[in-house]
1. By count of other Cβ within 10 Å, fewest leading, how are D141, D21, D162 ordered?
2. Taking trypsin sites (Lys or Arg not before Pro) as exposed when DSSP calls them loop (any state but H, G, I, E, B) and at most 13 other Cβ atoms lie within 10 Å, what is the longest stretch of the chain free of them, the sites themselves excluded?
3. Which shape class, rounded, prolate or oblate, goes with the range 1-152 when its Cα gyration tensor gives a ≥ b ≥ c as root eigenvalues, a/c under 1.5 marks rounded, and past that a/b bigger than b/c marks prolate?
4. By the scheme Lys and Arg +1, Asp and Glu -1, what is the net charge of all other residues having a beta-carbon under 13 Å from that of S75?
5. Using a simple spin-label model with points 7 Å from Cα along the Cα→Cβ vector, what separation in nm is obtained for L100 and L15?
6. Taking θ = phi - 60°, what integer Hz values does the Karplus form 6.51 cos²θ - 1.76 cosθ + 1.60 yield along the range 12-26, in sequence order, with x for Gly and Pro?
7. Counting other C-beta atoms within 10 Å, and keeping those with at most 13, which DSSP coil chymotrypsin sites (Phe, Trp or Tyr not before Pro) do you find in the range 78-173?
8. Among all the lysines, which ones have a C-alpha under 28 Å from K86's C-alpha, if same-chain residues fewer than 8 places away are not counted?
Amino acid sequence: MPAEIKIIIAATSSLLLIGADLLYMRWVLQKRIVPHSFSWLAFAALTALSFAAQLAGKAGPGAVITGVNTLLCLSIFILSLKYGVKKFAMTDWLCLAGALTGAVLWRMTDNPLWAAIIASLTDILAILPTYRKIYLNPHQDSPLPFGLGVIAYGLTLLAISDYNWTTILFPLTVVVNDSIYVLLVILRRRVVLAGNIS
């Protein structure tokens, strides 16, 4: 695929993610969504680590969305300090430790793939508190911003210049995690609306 097309795809996916996260932030301010603070801190650390690994792995334009997402996650984390859930479980601390471990392994081995692997595994752990919150209170979250995130990161996979595990692993993880998020919100809302809360 020509580089110009990859740049257009990267810009489109970044704009889509910015729109999704601005919508999410608006709903947080309106108290329609209650974010989990520690998840967003972990997401910011993990996306920063993944962005650096993608740059080292020569992801090219495909890395842009991860850099943009780092800033967006940090912004949502700051909002969540006032409007979000601030109860931190042991898994929350493990997620933050995972991001730091990825950075240390990368420095020790000089291999950015370790950062991508650790960041992806830790991202899976980092979203678990949010899944738990959705399961208990599915109306405190919306599937729309994360659904747009699935599309944005799916497009990002097309914008990557050099396809290797370092450049594709984290975006693939985000697509899977966000897809589960969307399905969990939709399915749990249906269960709650049906009166079959379990």
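Here, each number is a calculation from the coordinates, and none is a lab measurement. Keep in mind that this is a model prediction, so the values were computed, not measured. No Cβ is skipped: glycine too gets one built from the backbone with ideal geometry, and neighbour counts run over all protein chains shown.
1. Numbers: D141 26, D21 22, D162 13.
The most exposed by this proxy come first: D162, D21, D141.
2. The reported range is 88-198.
3. oblate
4. Net charge around S75: +1.
5. 4.0 nm
6. 4, 5, 5, 5, 4, 5, 4, x, 4, 6, 5, 4, 4, 5, 4
7. Details: sites: Y83, F88, W93, W106, W114, Y131, Y135, F146, Y153, Y163, W165; in loops: F88, Y163.
Sites meeting the loop and neighbour criteria: Y163.
8. Here the lysines satisfying the reach criterion relative to K86 are K31, K133.
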